[in-house]
1. What percent do you get for the relative contact order of the chain when only Cα pairs under 8 Å and 6+ apart count?
2. With all protein chains present, calculate the accessible area of Glu551 using a 1.4 Å probe and round the result to the nearest 10 Å².
3. Positive end of the dipole of region 377-500, charges at C-beta (+1 Lys, Arg; -1 Asp, Glu), about the Cα centre: which of Pro494, Ser411, Thr452 has its Cα farthest in that direction?
4. Excluding ligands, DNA and RNA, what is the solvent-accessible area per residue of region 500-653 at a probe of 1.4 Å, expressed in Å²?
5. Compute the angle between helix 74-86 and the longest alpha-carbon principal axis of the chain, please, reported from 0 to 90 degrees and rounded to the nearest 10.
6. Using mean Cβ contacts within 10 Å as the protection proxy, how do 169-178, 329-338, 539-548, 14-23 order, highest first?
7. Excluding ligands, DNA and RNA, what is the solvent-accessible area per residue of region 320-364 at a probe of 1.4 Å, expressed in Å²?
8. How do the peptides 251-257, 29-35, 201-207 rank, highest first, by the average count of neighbouring beta carbon atoms within 10 Å per residue?
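The values are calculated or read from the model by the stated rules, or taken from the named source; none is laboratory data. All of these numbers come straight from a predicted model, not from anything done at the bench. Don't worry about glycine lacking a Cβ; one is built from the backbone with ideal geometry, like all the others, and counts go over all protein chains shown. Ligands, DNA and RNA are excluded from the accessible area calculation, which covers all protein heavy atoms including side chains. Shrake-Rupley method; radii C 1.70, N 1.55, O 1.52, S 1.80 Å.
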Amino acid sequence: MQEHSLHCEILVAGGGPAGVACALAAARSGAKVILCQDRAVLGGNASSEVRMHIVGATALREGIPLQVENREGGIIEELRLDLAVRNPQRSPSMMDLLLYEKCRAEPNLTLMLNTTVVGATTNGGVIEHVWAERHSTEDRFTIRAQIFVDCTGDGRLGAEAGAPFRHGREGRAEYGETLAVEKADGRTLGSTLLFQARKHNRPMPFVAPPWVRKFTPEHFKLRPFGQRGSDLGLEYGYWWAEWGGCLDTIKDNEQIRDELLGITLGVWNHIKNESTETDASHWALEWFGFLPGKRESRRFIGQHVLCESDIVESRDFADAIAYGGWPIDTHPPEGVDAPNEAPCEQNHLPCLYNIPLRACVSAEVRNLMFAGRNISATHIAFASTRVMATCALIGQGVGTAAAMAAREQVSPSEIAARPDLVRSIQKRLLRDDCYLVGMRNEDLADLARCATVRASSEQRDGPAAHVLTGQTRAVHGFWTAERIAAAVASGWKPRLGGNNLWEKVLDQVEDGEEPEDITVAPPERCFPGTHRWMSDPAAGLPAWLELRWPEPVTLSEIVLIFDTGLHRHLTLTQADGYEKRMRWGQPQPETVRDYALETETETTWHELASIRDNYQRRRAHRFEPVTTRAVRIRILATNGLDHARIFEIRAYA
């Protein structure tokens, strides 16, 4: 192999949602980044190779408009909105292309596909360099960096560097976890191969290979197919076709792949050729995966190990960099070999929770960070943090932290001991539209905070002043000021939900009712309110919002946060039932489409920018410095709503 030597500030290994978000965030923050991905495409389990839809804090049911808006912001929202508009056909390959396009667009980011990190040299608890190999071109790379980030899922980089990790399930007593198994073991969640099928206008045969698994109706009592629901139809494979959790999901991955092929095709054979409950005679397979969608393998030991009580009680971490809200979602390691067990145990979380930076920094390797499903968490906590939208948020948080640490010449192991640096990281995340539970905009550099605000019209629940509340979503749900006071006085604490949410999904199959459980911010940190300006529909459009200062200010950047319907599900999916719950193939109707940004001169208003066909949530406008007393945004049209909405406007010198 030909040898090469490369240098960067931050090396990111792994190009799934966590790794891409990490690399983009670091590069956009000014760091020189190399991203190594061992596959030909980016996206991990969301790529065209696996085709799992990205889920997160929105969980199993929609939120409530103006009350519960849990969908993630930041880079993952940027990607979802792009896909919703640019990929109405729901092509899996368009996900690959979009991630590739985003990485190529960043001048600070070098993307290396088909390149695997295979070794690391450490000295005194610090990684000096790693080796990466690209067999398709017969090249070998020595890569030196200040900070190394493992987003590989399997933890290959960290393992090569000697970072401590955990594999399997902790015992109940180790962290006092009520949901943990009584005695620790080496078992994990299993893996899945998905498929896609299409209905034709004539009967379509399926001849099963002789080695497929044989199933009977008894195997599907708790694992429905061909039913209404988010992902229970015939067109898209079943997450519950799971196996391998009793083996080593790294070392035994080839065996797991072979067995999963037999299981997936065996399920399809039963549906096509044996089931009397569903007529699949005109259905035929279009695609099925050969790359297992892996849920769990190594979990690193960090400066903090996230555990059940941290997420159930929504612990208030001073070094928060991301949040989650997916249920604690454990699966039997035996998968389909345990047909009498529910395929999952989904414990509803009443509150959104923060994820600390210390859970993303190695306890022993000082310049090693991690993001994704391999963060420092117990098996029970991981069962919530593992979903891909949460992983992407963690990736953006880690990438932002890594870039700022590299700029300050600070080791990742030292960040948590620097409150000033932690606050700077959080300020940047909030500026980039990443929500953190209980944290609001306190950026002293944001000149909008010292301006007065007025608008052409407003609604009672959406006054102009709401663009300066410092929070860019509603997450209060049923909490009111009176209920919060009563909860605080009584010492209320969040507790786990009751029944397995999967039972409610099965009920939904029967009666069509959506589960009632919702997740909101904890009462003392939810800050009730809509947190957005909403113009009066009766006044029509155009509408305008104005910031005015008592003395002239010099500005060079305006950042706008629009409403994109964060209460709704929105993600690329191959499941028709899930897609029907979204506004796919179009911009979100709440979003401002056409607008103009203006500054006041001595005699008139000067137009800084005129935007048409916007569908993004966050828009940053940079321009040559101008001195003015007022900034105005004129809303000319939305993507469907009868009035204008803006969450936040920031102004920087």
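1. Working: 1659 pairs, mean separation 121.0, N = 653.
Relative contact order of the chain: 19 percent.
2. It works out to around 120 Å².
3. Of the options given, the answer is Pro494.
4. Details: 5980 Å² over 154 residues.
Here the per-residue accessible area is 39 Å².
5. 80 degrees
6. Details: 169-178: 16.2, 329-338: 21.1, 539-548: 19.3, 14-23: 33.3.
Final packing ranking: 14-23, 329-338, 539-548, 169-178.
7. Numbers: 950 Å² over 45 residues.
Here the per-residue accessible area is 21 Å².
8. Details: 251-257: 14.6, 29-35: 23.0, 201-207: 10.1.
Highest mean packing first, the order is 29-35, 251-257, 201-207.
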